[in-house]
1. Compute the signed sum of charges (Lys and Arg +1, Asp and Glu -1) over the other residues within less than 13 Å, Cβ to Cβ, of residue 68.
2. Can you give the charge dipole size of the chain about its Cα centre, rounded to the nearest 20 debye, using +1 on the beta carbon of Lys and Arg and -1 on the beta carbon of Asp and Glu?
3. Between 38, 126, 12, find the one with the highest GNM mean-square fluctuation for the chain; connect C-alpha pairs within less than 10 Å.
4. Between residue 27 and residue 133, with labels modelled 7 Å along Cα→Cβ, what's the label distance in nm to one decimal, could you check?
5. Tell me, what HN-Hα J-couplings in whole Hz come from the Karplus equation 6.51 cos²θ - 1.76 cosθ + 1.60 at θ = phi - 60° for each residue of region 12-27, using x for Gly and Pro?
6. Can you pull the Kirkwood radius for region 72-124, inverse mean 1/r over Cα pairs, to one decimal in Å?
7. Over the chain, consider all pairs of different Cα atoms and compute the Kirkwood hydrodynamic radius from their mean reciprocal separation; express it in Å, one decimal.
8. What net charge do the residues around residue 15 carry, taking every other residue with its C-beta under 14 Å from that of residue 15, with Lys and Arg at +1 and Asp and Glu at -1?
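Where a number appears in this text, it was derived from the coordinates with a stated rule and is not lab data. Since this is a predicted model, take the numbers as computed values, not measurements. Positions of Cβ are generated from backbone atoms using ideal geometry, with glycine treated the same way; all protein chains shown enter the neighbour counts.
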Amino acid sequence: MKLLMIYANLFGYKTTKKGWEEAEEINEERQIENALVGFIQVEENDENRLAEVETKMIKQLKWAARKNETNRIILHSFAHLSESKAKPNLIKQFFNSAEKRLKESEYETFQTPFGYFLDLDLKAPGNSLARIFKDI
C-alpha cells in the first residue's frame, strides 16, 4: 500500500466521469475544510493482508491528523502511486471498513466517490507535517 497524506485547509471535489464501470451512479460536489486527506493506493500484494494493512494505515492517518490538529480525515482512492492495483471491489470494501473504524474512533471521516475521476481543489499549507508519504 502507498499512502500520501496531505493536510488541507480546503479540499474540494466534483465527480466528472466513471473510471470503474461497476461504480454506483454519483453526481457530487463537496468542499471540506481543515482535513487530512489520505491519497491511498491499495496494491495487488495487499489483497491477502488487508486487515493488517488497514490497521497500519489507520494508525498513520490518526497520527498525522493529530499532528495537524484535526479530527477530519478524507479517504481518497488514488491509483497513481504505484503500477500495482488491487481488485476494485476489494478496495471499496477496504475503504468502507476503514471509514467505519475511524468513525468509531470519533474521527469525522469522509470518502470521495469511489470509481470516479474527480476535479480536485486542494489548498495546503507549507508545514513540514502537512505532507507525509508512507509505504505500508
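1. Here the charged neighbours net out to +3.
2. Numbers: 21 positive and 22 negative charges, 99 e Å.
The calculated dipole for the chain is roughly 480 debye.
3. 126
4. 3.8
5. Going residue by residue, I get x, 8, 9, 5, 10, 8, 5, x, 10, 3, 7, 5, 5, 6, 9, 10 Hz, with x marking Gly and Pro.
6. 12.4
7. Result for the chain stands at 14.9 Å.
8. Within the 14 Å Cβ shell, the charges total -2.
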